[in-house]
Amino acid sequence: MVLLQPPACSLFSRVAAASSPRTRMLRLWGLALLGWSAALVAAAAPRNGTYWLDDAVGLAREFDGIGAVSGGGATSRLLVNYPEPYRSQILDYLFKPNFGAALHILKVEIGGDAQSTDGTEPSHMHYEDDENYFRGYEWWLMKEAKKRNPNIKLIGLPWAFPGWVGKGKNWPYDYPDVTAFYIVSWIIGAKRFHDLDIDYIGIWNERSFNSKYIKVLRGTMDRVGVQNVGIIAADGEWDIAKQMLVDPYLYAAVEIVGAHYPGTRTVPEALLTKKKLWSSEDYSTFNNEVGGGCWARILNQNYVNGKMTATIAWNLVSSYYEELPFGRCGLMTAQEPWSGSYTVNSPIWITAHTTQFTQPGWHYLQVDGHLEGGGSYVALTDGQGNLTIIIETMTYRHSACIRPPLLPFIVSPQKSTFHLKGSFSKVKALQMWYSKLEFTSANSTLFKSLGPKTVSEGVLTVDLGLDEVYTLTTLTTGNKRSFSDSPPSHLFPSDYKDDFNIRNPPFSEAPNFADQTGVFEYFVNTSDPGEHVFTLRQVVTQRPITWVTDSKNPISIIGNYKWVNLAITCDVYIESDKGGAFIAGRINKGGIYISDAKGVFFWVFPDGTYKVTNDLYGENILMKGLSGVRAKVWHTLTLIIMGSNASGMLNGYPLWENVTISEPANGWAAIGTHSFAFTQFDNFHVQAS
């Protein structure tokens, strides 16, 4: 964020240099509010500003693009289940040039079998002697992006790692050669099995960087012939820049200095590296109009204030259950594959203001970028005479991102005059595209062509209101295309079945199941000659190197969070004497909060016992007893929840009943296991209301 009143800015600097952290914070906020109130008095009068755009004085930094993240985690989980043509339409809005967002960069999670925000993504190597480059959906997504835009840049980043990488420790850096081998295998697998060239690789999302590991990773990639893959580090704070300045080997290993949620600001050490600076994860904000305002502001100001030449949104598309953490924090929303309904939200069209009129390899012009009346502008050229100017006038209350906190600032209506010099001096007109975010009605204007804007003798004048975005460009290729409306929204089916009988599934995971701990994959059970040949199997047998606190018990959720009354039936097959299985209803938490999930859990164990608990941890016991269940035998579990009462059946016969349920009042259905152990599931059926 930039505080656009210069006197207040200097006051802030002086206060920040003195006193205790708490005192500084109180004084800073006091000054901010005083400056804000004073500025309100002057805000009524429109401001005028004059700006010079001249490539003859030399160009500034190279533009690297705008992108988004699929992962961190499981944020595209429901997208793969969409029926055609709706799935292809969503992909077109995201990746197709001159259509919608037209993204330049796609960043994906390298699945690590562990919870990484809204679910788990499967690893290509569950175990040291196991490799499978067709698990999950990120391979598919990268190929779909490349189909639409062959020039899109691809990035891989791990949030978690399989447990074997740490050799029993919850840490990936003790054995840097092993971790580097694991990551390089993913890069090579992308090329060998999917013909995907990975452009950049990250270290460990928002966790400590390790200089030795980064250098080992660089050396490993060079030895096996993937020298063209650049390293982005450290995908957290800017701290690595200071270390790079004193470690020439680390400096040589890192191509991009990437920070997350920088608040449009960088640090002196990062600038001193002379490396490319990226906001390698940003946005993470609910995709209503305020989310659109956040995105518009940071797309410009990340460069204007921080000299960051790429900005990457978390996340690409909200394709996960909305009640999971950070629901609808994607550029668009596609969370109902069962209905086919999706929504093209304002951030898609805010993105288009930049992506449809620039390309990586263009350069920023040497301009200040701040507007006199608040807001910002950037100007870019391809060096061949083309010019694109993007202007935003987002106001404080309408552009706050989820993080970091945004200090108050003032934006006023204003008249801006741009003088086009150098190779732009003969431009006669610029195509104008316009967005106006409305906050008192649902009538926002999004990415509307206003036709050519006359440039008179090298002078362009634009009247700017509040919460607006303008693109003025020599390019005539922009388009706002759209498909007919997607199908109407409707709730998850209240009567849902899956027998997992798919011989060659297109994806490794069953539709609509959202793994929250562990990984549940389609499995061919060759040892069963009967009805359980095709099953769903929990396949992680060692706790991964985690990114957040997950559960000690694997779980996959499904359905409608508002379900109250449920009848769940599922066949289970416990493969070892140390395992166990459960079915559950009214699951009230997921994602990064999964360890605290409550609900009604019906557990069975191979020692012939059962229990009913109110928590995923398995400690709040409501009922327990003998069941006769044993390992390596199929059993059918049934859980019935009606109002405040629950009962359970085993193999069609009542096992327990009349358990009183006080909370939660509603939630998803689920299947899961006791600890990380092989367990199979079949013939899942839920009836709910």
Quiz item: By average Cβ neighbour count within 10 Å, what is the ranking of 627-636, 531-540 from highest down?
Solution: 531-540, 627-636
Practice problem: Starting with the highest mean, order 386-393, 190-197 by the number of other Cβ atoms within 10 Å, averaged over the residues of each peptide. | Solution: 386-393, 190-197
Quiz prompt | With DNA, RNA and ligands ignored, accessible area of V344 (1.4 Å probe; Å², nearest 10) | solution = 40 Å²
Quiz item: What shape does segment 510-577 have by the C-alpha gyration tensor, where a ≥ b ≥ c are the square roots of the eigenvalues, rounded means a/c under 1.5, and otherwise prolate means a/b greater than b/c and oblate the rest?
Solution: oblate
Practice problem: In debye, nearest 20, what is the charge dipole magnitude of the chain about its Cα centre with +1 on Lys and Arg Cβ and -1 on Asp and Glu Cβ, if you could check? | Solution: 1720 debye
Practice problem: Averaging sequence separations of C-alpha pairs under 8 Å and six or more residues apart, then dividing by the length of the chain, give the relative contact order as a whole percent. | Solution: 15 percent
Quiz item: What length, rounded to one decimal in nm, is gained on full extension from D174 through to N288, with 0.36 nm per residue of separation minus their alpha-carbon distance?
Solution: 36.7 nm
Quiz item: If you line up the long axis of helix 21-42 against the longest principal axis of the chain, both from Cα atoms, how many degrees apart are they, to the nearest 10?
Solution: 50 degrees
Practice problem: For the chain, report the accessible area per residue in Å² (1.4 Å probe, heavy atoms, rounded to an integer). | Solution: 38 Å²
Practice problem: Take each of the peptides 67-77, 266-276, average the number of other beta-carbon atoms within 10 Å over its residues, and list them starting from the highest. | Solution: 67-77, 266-276
Practice problem: Could you please state how large a percent of the accessible area of the chain is carbon and sulfur, counting protein chains only and using a 1.4 Å probe? | Solution: 52 percent
Practice problem: On a C-alpha basis, how far is the centre of segment 327-373 from the centre of segment 607-646 in Å? Whole number, if you could? | Solution: 48 Å
Self-check item: Furthest towards positive pole of dipole, F161, Y200, V178, structure part segment 146-220, Cβ charges
Solution: Y200
Quiz item: Where does the charge balance sit around G585 when Lys and Arg score +1, Asp and Glu -1, over other residues with C-beta under 14 Å from its C-beta?
Solution: +2
Quiz item: How many percent of DSSP beta bridges within the chain run antiparallel, rounded to 5?
Solution: 70 percent
Quiz item: How far is the Cα center of segment 152-217 from the Cα center of segment 68-92, in Å?
Solution: 24 Å
Self-check item: Student exercise, segment 186-323 dipole from Lys, Arg, Asp, Glu Cβ charges, in Debye to nearest 20
Solution: 620 debye
Quiz item: Which order do W52, W295 take by accessible area at a 1.4 Å probe, largest first?
Solution: W52, W295
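The values are calculated or read from the model by the stated rules, or taken from the named source; none is laboratory data. For clarity, every value in this text was computed on a predicted model and none was experimentally measured. Counting neighbours? That spans all protein chains shown, and the Cβs are built from the backbone with ideal geometry, glycine included. Quick note on the areas: whole protein, heavy atoms, side chains included, nothing else; ligands and nucleic acids left out. Shrake-Rupley method; radii C 1.70, N 1.55, O 1.52, S 1.80 Å.
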